[in-house]
């Protein structure tokens, strides 16, 4: 997940390095400005896409609940592993069964944990 606060800090340090190279001010070239603007644009676009994906995920979850669709059967196994304190095995099993990345698997297991709390 991209956090805009950390991006602002990183961009601020990049700008200060470009402007104050070696302790003396130097002119910023057109290419550097274009690259900086391009990076900012890409980061904002990715952030917007993540927000839209989260919204779609929430909408799908609400539709699943309204239609009384059964929950994924792997969740029972994952909850059992979580009860036994085997979170790492639960993440691994979620990744294998659902095709998730490591971060997504961890978030999935954490969501199941939060349901039980």
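The values are calculated or read from the model by the stated rules, or taken from the named source; none is laboratory data. Since the model is a prediction, treat every value here as computed from it, not as a measurement. Positions of Cβ are backbone-derived with ideal geometry, glycine not excepted, and every protein chain shown enters the neighbour counts.
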Query raised in the report: Only one residue in 64, 52 is under 30 Å from residue 108 (Cβ atoms), in a helix (DSSP H, G or I) and at pLDDT 90 or above, so which one is that?
Result: 52
Report task. Look at residue 100 and say whether it is assigned to a loop (DSSP other than H, G, I, E, B) and surrounded by 10 or more Cβ atoms within 10 Å (Cβ to Cβ). Result -> yes
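Given the structure, is residue 40 exposed (fewer than 10 other Cβ atoms within 10 Å of the Cβ), at pLDDT 85 or above and either more than 22 Å from the chain's Cα centre (by Cα) or not assigned by TED's automatic domain parsing to the domain that holds residue 113 (or both)?
no
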Report task. Identify all residues within segment 67-97 that are exposed (fewer than 11 other Cβ atoms within 10 Å of the Cβ) and either in contact with a helix residue (DSSP H, G or I) (Cβ under 6 Å, 6 or more places away or on another chain) or modelled with pLDDT under 90 (or both); write none if there are none. Result -> 67, 68, 69, 70, 71, 73
